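Structure first, then comments.
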Amino acid sequence: MNRLLASLFLVALAWPAAAEPRGTGDLGIVIERAAGRVAVVDRAKVARLATVEGLGDLSHAAAVFSPDERFAYVFGRDGGLTKIDLLTATVARRVVQSGNSIGGAISEDGRLIAVANYEPGGVRVFDADSLELVADIPATERGDGKRSKVVGLEDAPGNRFVFSLYDTDEIWVADFSAGATPAVTRFTGIGRQPYDALVTEDGRFYVAGLFGEDGLVLLDLWHPERGTRRILDGYGRGEQPLPVYKMPHLEGWAVAGNLAFLPAIGRHEVLVVELPSWKQVAAIPVKGQPVFAMARPGGRHVWVNFALPDNATVQVIDTETLTVADTLTPGPGVLHMEFSPRGDRVWLSVRDKDEVQVWDAASRRALGALPADKPSGIFFTSRAHRIGL
Amino acid sequence: MLRLSMLLALIALPALAAEPVAEQRLRHLLDHDCGSCHGMTRKGGLGLPLTAEALDGRSDDDLAYVILNGVPGTPMPPWAPLLTPGDVDWIIRELRSRP
């Protein structure tokens, strides 16, 4: 009897580590890029739960989530790939897999993590559990002994990863449906300097933006045999492009009804494209060079942030009238916006104020703020269930 | 009154010891805004590495020209609309001071 009591006591002592069981659907992470760490946040409670340190250079960092929403995989700039356990707020695994990288993706089945590398240029694919290397896909040599930088790496249905080669003007599809050795399909001469890309929410189209030419490139993933096609060709032809102080992002692009909204490059406009024809139907003048154009879930509005010198402003576009409905000034250095999955709230990282602000997306009023050290990307676990995020 | 001004002086002290505001602004720009393409540690990204080593052998004039005018046909934008030649000199000295 005493023995039993004693062992119960021991169990009770060990127990505090496993606190009240909880779900992860309200959780997310905020990148604190200068400090090399991430904050684990609770989106419903608007609370900062914990800080996870030691993630290296997180400039331009991005994250994806495991299908069970327990683990975040954070892609650093210095080649670091870190798997964070959101429940314990600890580093579960970490590898430094290259010298210089730019984001990544998780496969449809949740078992593979792919990382896009600048140096050495290519894609490396890891086992999502162990972070052991599964496949190495070096990019094309550029002619100076180096390989092309890889950008716009996205997941697509059929356990495929699709990515663009910035220096050699290619799009590659790596198909892992048959196992660890991918079948790689290469599309060449797609247009000059693809700089970022997106996969549509239905997983059908891969769209890459071109820096070296006006226009975008489209690959129909239902029909890769048809090859790539140029869209929005020469949308600003003849005009002198304006300087771009921060590269626009296409991932997290906005679709509302049959219209898609994309940041123009070198022009202070958000382009409106009709689907499925992919023809431009409007260009909405905005405050500056757009960086992200994100649709509020439901598609009623599109929120846009800007590059220097206009990065203190956010504009809200009405997707019915195709006009700017609101101009907000959250503060200097608005770097990223993340909506709650139902679209009632939006979180903004305001770098130069060292805070993350939470806004009501309907009334467009600030509800509160959390302190964060030079925050950049904000990622909620609901991304786990979206194609191309 | 005297006490108040002493208190104010104490508050102002750390600021005096720190970098002038103009330099703080430039350092911030270099770390974050140049950093978005060149990496916060300047080891390169979409843009080339900007470490002291990487810039060794390039003249100040050449670098100032690139920063003010950009590199046409690449994402390197011209900074002349946002930075004075004096700002650019400070940035080049700062770039050369870090390995």
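The values are calculated or read from the model by the stated rules, or taken from the named source; none is laboratory data. No experiment lies behind these values; they were computed from the predicted model shown. Glycine also receives a Cβ, built like all others from the backbone with ideal geometry; neighbour counts cover every protein chain displayed. With ligands, DNA and RNA removed, areas are computed over all heavy atoms of the protein, side chains included. Shrake-Rupley method; radii C 1.70, N 1.55, O 1.52, S 1.80 Å.
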Legend entry - Tally, over the range A:64-89, of residues that are closer than 17 Å to A:ASP373 by Cβ and surrounded by fewer than 23 Cβ atoms within 10 Å (Cβ to Cβ): 1
Legend entry - Check on A:ARG342, among the basic types (Lys, Arg) and out of contact with any His (no Cβ under 8 Å at 6 or more places or on another chain): yes
Inset, instruction - Please state which one of A:ILE137, A:ILE171 is aliphatic (A, V, I, L, M), in a strand (DSSP E or B) and surrounded by fewer than 21 Cβ atoms within 10 Å (Cβ to Cβ). - result: A:ILE137
Inset, instruction - Consider only pairs whose beta carbons are under 6 Å apart and that are at least six residues apart or on different chains; among these, list those whose first residue lies in the range A:64-75 and is touching a residue at least 60 places away in the same chain (Cβ under 8 Å) and whose second residue is polar (S, T, N, Q) and open to solvent by less than 40 Å² (accessible area, probe 1.4 Å). - result: A:PHE65/A:THR381; A:GLU69/A:THR24; A:GLU69/A:THR381
Inset, instruction - Would you confirm whether any residue within the range A:257-264 is in contact (Cβ under 8 Å) with a residue 24 or more places away in the chain and more than 14 Å from A:LEU216 (Cβ to Cβ)? - result: yes
Legend entry - Test: residue in the range A:348-369 that is open to solvent by less than 30 Å² (accessible area, probe 1.4 Å) and within 28 Å of A:PHE161 (Cβ to Cβ): yes
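Conditions (1) over 29 Å from A:LYS287 (Cβ atoms); (2) within 14 Å of chain B (Cβ to nearest Cβ); (3) in contact (Cβ under 8 Å) with a residue 12 or more places away in the chain; (4) assigned to a loop (DSSP other than H, G, I, E, B), marked per residue:
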position: A:THR181; (1), (2), (3), (4): yes, no, yes, yes
position: A:LEU198; (1), (2), (3), (4): no, no, yes, no
position: A:GLU201; (1), (2), (3), (4): no, no, yes, yes
position: A:ASP214; (1), (2), (3), (4): no, yes, yes, yes
position: A:LEU218; (1), (2), (3), (4): no, no, yes, no
position: A:ARG229; (1), (2), (3), (4): yes, no, yes, no
position: A:PRO241; (1), (2), (3), (4): no, yes, yes, yes
position: A:TYR245; (1), (2), (3), (4): no, yes, yes, yes
position: A:LEU250; (1), (2), (3), (4): no, no, yes, yes
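Out of curiosity, is A:ARG204 open to solvent by 20 Å² or more (accessible area, probe 1.4 Å) and over 30 Å from A:VAL272 (Cβ atoms)? If you could, list the steps in order and put the result at the bottom.
On the way: open to solvent by 20 Å² or more (accessible area, probe 1.4 Å): yes; over 30 Å from A:VAL272 (Cβ atoms): no.
In short, no.
So which helices (runs of 4 or more DSSP H) are wholly in the range B:18-79 and hold at least 1 residues that are more than 20 Å from A:LEU242 (Cα to Cα) and more than 10 Å from chain A (Cβ to nearest Cβ)? So that I can check it myself, show each step before the final result.
Working: elements: B:21-28, B:35-38, B:52-55, B:60-69.
Output list reads B:21-28, B:52-55, B:60-69.
Take the residues in the range A:298-330 that are small (Gly, Ala, Ser) and within 22 Å of the chain's Cα centre (by Cα), then tell me which one is most open to solvent (accessible area, probe 1.4 Å). I'd like the intermediate steps shown before the answer.
First, the residues of the range A:298-330 that are small (Gly, Ala, Ser): A:298-299, A:307, A:312, A:325.
Next, only the ones that are within 22 Å of the chain's Cα centre (by Cα) stay: A:298-299, A:307, A:312.
Numbers: A:GLY298: 89, A:GLY299: 8, A:ALA307: 1, A:ALA312: 34 Å².
Residue satisfying both the conditions and the ranking: A:GLY298.
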Inset, instruction - Would you tally the residues in the range B:21-30 being charged (D, E, K, R) and either in contact with a helix residue (DSSP H, G or I) (Cβ under 8 Å, 6 or more places away or on another chain) or crowded, with 19+ Cβ neighbours inside 10 Å (or both)? - result: 2
Inset, instruction - Answer yes or no as to whether A:ASP127 is open to solvent by 10 Å² or more (accessible area, probe 1.4 Å) and more than 14 Å from chain B (Cβ to nearest Cβ). - result: yes
Inset, instruction - Determine whether A:ARG142 is within 14 Å of chain B (Cβ to nearest Cβ), free of Cβ contacts under 8 Å to residues at least 24 places away in the same chain and open to solvent by 50 Å² or more (accessible area, probe 1.4 Å). - result: no
Inset, instruction - Look through A:THR228, A:THR185 and report the one residue that is surrounded by fewer than 23 Cβ atoms within 10 Å (Cβ to Cβ) and touching a helix residue (DSSP H, G or I) at 6+ places or on another chain (Cβ under 9 Å). - result: A:THR185
Inset, instruction - Could you tell me whether A:VAL281 is surrounded by 23 or more Cβ atoms within 10 Å (Cβ to Cβ) and either over 19 Å from the mean Cα position of the chain (by Cα) or over 20 Å from A:TRP347 (Cβ atoms) (or both)? - result: no
Inset, instruction - Only residues that are in contact with a Pro (Cβ under 7 Å, 6 or more places away or on another chain) and either open to solvent by 40 Å² or more (accessible area, probe 1.4 Å) or not in a loop (DSSP other than H, G, I, E, B) (or both): list them for the range A:262-278, please. - result: A:PRO263, A:HIS268, A:GLU269, A:VAL270
